[in-house]
Every structure is written in structure tokens, then in C-alpha cells.
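Chemist: One structure follows; several queries about it will come next.
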Amino acid sequence: MAKVVIENATKIYRDAKGHDVRAADNVSLEIHDQEFMVLVGPSGCGKSTTLRMVAGLEEITSGNISIDGRVINDVPPKDRDIAMVFQNYALYPHMTVYKNMAFGLKLRKYPQTEIDQRVSEAADILGIKELLERRPKELSGGQRQRVAVGRAIVRKPKVFLFDEPLSNLDAKMRVQMRTEISKLHTRLSATMIYVTHDQVEAMTMGDRITVMNLGKIQQVATPLEIYNQPQNMFVAGFIGSPTMNFFDGVIEQKDGKLIFTEKGGNGSSNFSVRVDSEHIPKLQGYAGKAVKFGIRPEDIHDKLYTSSSDPSQVVKATVEVVEPMGSEVYLYMNTGAHSFIARVSVAQKADVNHKLELNLNMKRAHYFDIETEQTIV
């Protein structure tokens, strides 16, 4: 397999009015040999453009891309030793599964015995041996995706590229296929670059995650590092389901302690909570200044169901919507100035329009600079 290095890669398009649009802006990224790297972000963030530059389907405006130390900027796609799996499967409808998987090898004039062996091996890995004589129209969506992956496997490329391959599948099949692709990565010990807008796919599949927005890389780290230590508000808000809650407010110093006080749009104050002692050193310089306070839904608990509740970490809020999810319940709350979500157990009963006292786990709180949106803590 291979290491992929992207150095300051930029892709500029011209829009209808003749303005330059930076689809990928100075992207630098190193994908290690045998690593499963996931590029994630909202639509238009530059993730697919970056993948297509690696594939050779998009010309690089500036920068370099190398595979195994070889710069491939001017190398045609067919000579880059990569295999790509697309969102729409891209299967030939008039060919059988076998012929679809063997087609690329036949173009490269591989011996028939080797083609048979490679197709058989890939079909065995993917569990589609009994489908080899069927045509794509006779297959389900999940089976078609397996064929598309199998067509990539038989090539035995240096790098596998996946461009939102599960987007056309139903929810249950997506869960199954992402498990299959993860198993495939382990079995093949392959270098894989996987593009998705689904942060659940990113968290469950990637060795590392690259979060992108507006053509720029926001953070590159392992899934748990991204989740627990986001570098900025965008990453904090994008990764996690439900998303992180954000509150406007100020850091105040009272009796030698730091307090976060929520502020509404009219300047009203609805709650104050004490900053955890571990966070004080980094927040000391923000005393008297406005900040963004962030806390994830699972770090908010009903005071009645908390064994030890600290009064300095309690917030009063009104229940607006109750969403039972089976194993847990999402409570959509409002403090009067901000709406937020609490993720609680099914044992915690709540009714719409009732006021609850909620305990915030301040050790898990996050604070962001209001101007740069970069993480303070």
C-alpha cells in the first residue's frame, strides 16, 4: 500500500460571473500507509474536490499530491494506481457482476486465469459469489455497492478512494455496509480515503478524521480527540449527534471564583454556573469578557436523577419538546435566552412546558473565543 501526501493543494473554479471560487484552499494532509482517513464536512466544504484531485479527476490549481513519494500532479488517473468507489455505483447495466468486476483487468490485458482468481477472491471477501452471473438491475442497492467495492478490490491498488459510497442506501443497509467496509480495511491492510457528510460514519469508521469547511481543513485527529477536544466552534458543532449546545455569555470573577453568566440578546441574565477548577488557568484572562460556552447534550442531567448535585452547576429551563428515542430521550429545552438539547435516560420523566432543574457537568464544558471561534478550553 502507500502513503499519500497532499501539500498546499488548491482548486480554483470560475463561477458564472467570472469570480474565483476556492473549492479547496491550501489543503495540506498526510495519509499514512494502511490508514483509513475520513474527510467529513457539510456540502460544498471541499472534501470531494480534494478526493477528486487525488484521483486525477480534478486538475490541481496549485500545490502537490504524491503517492509513495511520487508526485502525481501530471500523471493520468489510470496510471496513479488508485481505485475509486462512487456514490452512484457506476456499474455497466448490460454486464454481469463478474464482467463488471473483471472489466478493468481486461483493459489492462491481465491473463484470464489471474482475472478469474482476483474476481473469485474479491467475491468471496464480499459475500457475492452467488451473484456473479446476475446483472445490476437484478441486485439490491447494498449488493450493487458490494459489486462496486469488489471492482476496486480486484485492482489491488495502492490507494482506495470512496466518494460518499453509502448515500444511496437505506439506514439499516448503511450501518451494515459501513461495518463491511471497516472489516475490509482490516483484512486488506489498505490505505483508504473516505469522503462523507455523515459524522456518524466518520466517527465509527476512521482511524483519523479530517474535518473540512469552506475549502479549508479545520482539524485532523482521531475520532475521540475530535469529539473531546475540538479546535474550534465549527468542529465542536459539526461532530456529535445531537450537536453541541452553545450559549452566549461572559466570564465573571466573584469571590475568587470564575463564573460563566449567560446573556440573552437583550442583555438579560438567566443562569450562572461556576467554572470548573481545571479550566480556570486558561480562562483567567477572559474575566469580564464575552465568550461562547459549549456543552454536549449527554453532559446535562435532570437534578432529580443526579446522585450529587452542585447548586453552582444547576440551570433552570422549560421543556419545549420531548423526543423518545427508545434507549434514551432528547429534551428540547429553553432558558428564555437560548434553546438547547439534553440527552437523558428513559427513566427521566419530563412533560412539555414544565420547568426542570438541570445539572451541568462543568468538567466537560467547552469555551470558545467569541471573535476567532477558536477553543479556549
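The values are calculated or read from the model by the stated rules, or taken from the named source; none is laboratory data. Note that the structure is predicted; figures quoted are calculated from it, not measured. Methodologically, a virtual Cβ is constructed for each residue, glycine included, from the backbone with ideal geometry; neighbour enumeration extends over all protein chains shown. Please note that ligands, DNA and RNA were not included when accessible areas were found on the heavy atoms of the full protein model with its side chains. Shrake-Rupley method; radii C 1.70, N 1.55, O 1.52, S 1.80 Å.
Chemist: For segment 317-377, please list each of the strands (runs of 3 or more DSSP E) lying entirely inside it that holds at least 1 residues being among the aliphatic types (A, V, I, L, M).
Modeler: Per the criteria, 328-334, 339-345, 355-360.
Chemist: Further question: On the basis of being in a loop (DSSP other than H, G, I, E, B), among the basic types (Lys, Arg) and either more than 21 Å from His185 (Cβ to Cβ) or open to solvent by 90 Å² or more (accessible area, probe 1.4 Å) (or both), does Lys99 make the cut?
Modeler: no
Chemist: What are the residue pairs meeting all of these: first residue in segment 298-309, first residue modelled with pLDDT of 90 or more, second residue in a helix (DSSP H, G or I), Cβ atoms under 9 Å, and 6 or more apart or on different chains?
Modeler: Here the result reads Glu298/Arg364; Asp299/Met362; Asp299/Lys363; Asp299/Arg364, each pair linking segment 298-309 to a residue that is in a helix (DSSP H, G or I).
Chemist: Is there any pair with a first residue in segment 125-137 that is in contact (Cβ under 8 Å) with a residue 60 or more places away in the chain and more than 14 Å from Ala102 (Cβ to Cβ) and a second that is open to solvent by 100 Å² or more (accessible area, probe 1.4 Å) and of a type outside the set (Gly, Ala, Ser) whose Cβ atoms are under 8 Å apart and which are 6 or more apart or on different chains, and what are they?
Modeler: Cβ pairs passing all conditions: Ile125/Arg187.
Chemist: Restricting to segment 71-92, give me the number of residues that are assigned to a strand (DSSP E or B) and open to solvent by 60 Å² or more (accessible area, probe 1.4 Å).
Modeler: 1
Chemist: Residue under question is Thr49, and the condition is that it be outside any helix (DSSP H, G or I), open to solvent by less than 40 Å² (accessible area, probe 1.4 Å) and over 24 Å from Leu184 (Cβ atoms); does it hold?
Modeler: No: the conditions fail for Thr49.
Chemist: Then there is this: Within segment 102-126, work out how many residues are open to solvent by 50 Å² or more (accessible area, probe 1.4 Å) and either farther than 20 Å from Lys78 by Cβ or in contact with a helix residue (DSSP H, G or I) (Cβ under 7 Å, 6 or more places away or on another chain) (or both).
Modeler: Qualifying residue count, segment 102-126: 7.
Chemist: Right, next: Any idea which residue in segment 278-308 is farthest from Lys257 (Cα to Cα), counting only those that are hydroxyl-bearing (Ser, Thr, Tyr) and open to solvent by 40 Å² or more (accessible area, probe 1.4 Å)?
Modeler: Tyr305
Chemist: Take Glu58 and tell me if it is surrounded by 16 or more Cβ atoms within 10 Å (Cβ to Cβ), acidic (Asp, Glu) and not in a strand (DSSP E or B).
Modeler: Against the criterion (surrounded by 16 or more Cβ atoms within 10 Å (Cβ to Cβ), acidic (Asp, Glu) and not in a strand (DSSP E or B)), Glu58 qualifies.
Chemist: Inspect segment 285-296 for any residue being part of a loop (DSSP other than H, G, I, E, B) and of a type in the set (Val, Ile, Thr) and give the result as yes or no.
Modeler: Scanning segment 285-296 turns up no residue that is part of a loop (DSSP other than H, G, I, E, B) and of a type in the set (Val, Ile, Thr).
Chemist: Can you confirm whether Phe234 is among the aromatic types (Phe, Trp, Tyr), at pLDDT 95 or above and either within 30 Å of Val38 (Cβ to Cβ) or surrounded by fewer than 19 Cβ atoms within 10 Å (Cβ to Cβ) (or both)?
Modeler: For Phe234, the condition - among the aromatic types (Phe, Trp, Tyr), at pLDDT 95 or above and either within 30 Å of Val38 (Cβ to Cβ) or surrounded by fewer than 19 Cβ atoms within 10 Å (Cβ to Cβ) (or both) - is met.
Chemist: Let me ask something else about it. Scanning segment 244-277 for residues that are among the small types (Gly, Ala, Ser) and surrounded by 13 or more Cβ atoms within 10 Å (Cβ to Cβ), which turns out nearest to Asn361 (Cα to Cα)?
Modeler: Per the criteria, the residue is Ser272.
Chemist: Another question, then. Please name all residue pairs, on different chains or six or more residues apart, with Cβ atoms under 6 Å, provided the first residue is in segment 152-175 and is open to solvent by less than 10 Å² (accessible area, probe 1.4 Å) and the second residue is of a type in the set (Gly, Ala, Ser).
Modeler: Ala152/Ala83; Val154/Ala122; Pro157/Ala83; Val159/Ala2; Phe160/Ala83; Phe160/Ala152; Phe160/Ala190; Leu161/Ala55
Chemist: Any idea which of (1) of a type in the set (A, V, I, L, M, F, W, C); (2) in contact with a Ser or Thr (Cβ under 9 Å, 6 or more places away or on another chain); (3) open to solvent by 20 Å² or more (accessible area, probe 1.4 Å) is the one Val315 doesn't satisfy?
Modeler: Failed condition: (3).
Chemist: Let me ask you something else. Could you say which residue among Asn361, Asn334 is within 20 Å of Gly237 (Cβ to Cβ), open to solvent by 20 Å² or more (accessible area, probe 1.4 Å) and within 27 Å of the chain's Cα centre (by Cα)?
Modeler: Result of the check over Asn361, Asn334: Asn361.
Chemist: While we're here: Looking at (1) under 25 Å from Val377 (Cα atoms); (2) open to solvent by 60 Å² or more (accessible area, probe 1.4 Å), which one does Ile341 not meet, given that it meets all the others?
Modeler: Unmet for Ile341, out of (1) under 25 Å from Val377 (Cα atoms); (2) open to solvent by 60 Å² or more (accessible area, probe 1.4 Å): (2).
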